[in-house]
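These notes are about the structure you will find just below.
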Amino acid sequence: MKLRRVVAQNLRHLRRKSGLSQEELADRAGLNRNYIGMIEREENSPTVDALEQISEALHIDAVVLFQER
């Protein structure tokens, strides 16, 4: 599976598991809501900085975003 898809699926799963909307996650991570949506739809590849911000907002180790489920 492509890494972009793995990250997108993990992000969507973890965000929903945390009970957050895309807007809430974006706000906590200091990112744009549209950017979160684009990552989840595999339309955009997140930067390393964005992945760090997202993982901190979700209170997870960034490595979790790369693990195939």
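At 1.306 mPa s and 10 °C, plugging the Kirkwood radius over alpha-carbon pairs of the range 19-58 into Stokes-Einstein gives what diffusion coefficient in µm²/s? The diffusion coefficient I find is 162 µm²/s.
Note on the chain: with charges restricted to the Cβ of Lys and Arg (+1) and Asp and Glu (-1), its dipole about the Cα centre is near 360 debye.
The GluC sites (Glu not before Pro) of the chain meeting both criteria, a DSSP state outside H, G, I, E and B (loop) and at most 14 other C-beta atoms within 10 angstrom of the site's C-beta, are Glu42, Glu43, Glu68.
Calculated translational diffusion coefficient of the chain (25 °C, 0.890 mPa s; Stokes-Einstein with Kirkwood radius over alpha-carbon pairs) equals 213 µm²/s. Only helical runs count toward this figure. For the chain, summing -39,500 (n - 2.57) over DSSP H runs of n ≥ 4 and dividing by all residues gives -18000 deg cm²/dmol at 222 nm.
Calculated FRET efficiency, His13 to Thr47, Cβ-Cβ distance, R0 = 25 Å: about 0.75 to the nearest 0.05.
The numbers here are math on the coordinates, done by the rules we state, and not lab data. What you are looking at is a predicted structure, and each value in this text was computed from that prediction instead of being measured. Heads up, the Cβs are rebuilt from the backbone with ideal geometry, glycines too, and the neighbour counts pull from every protein chain shown.
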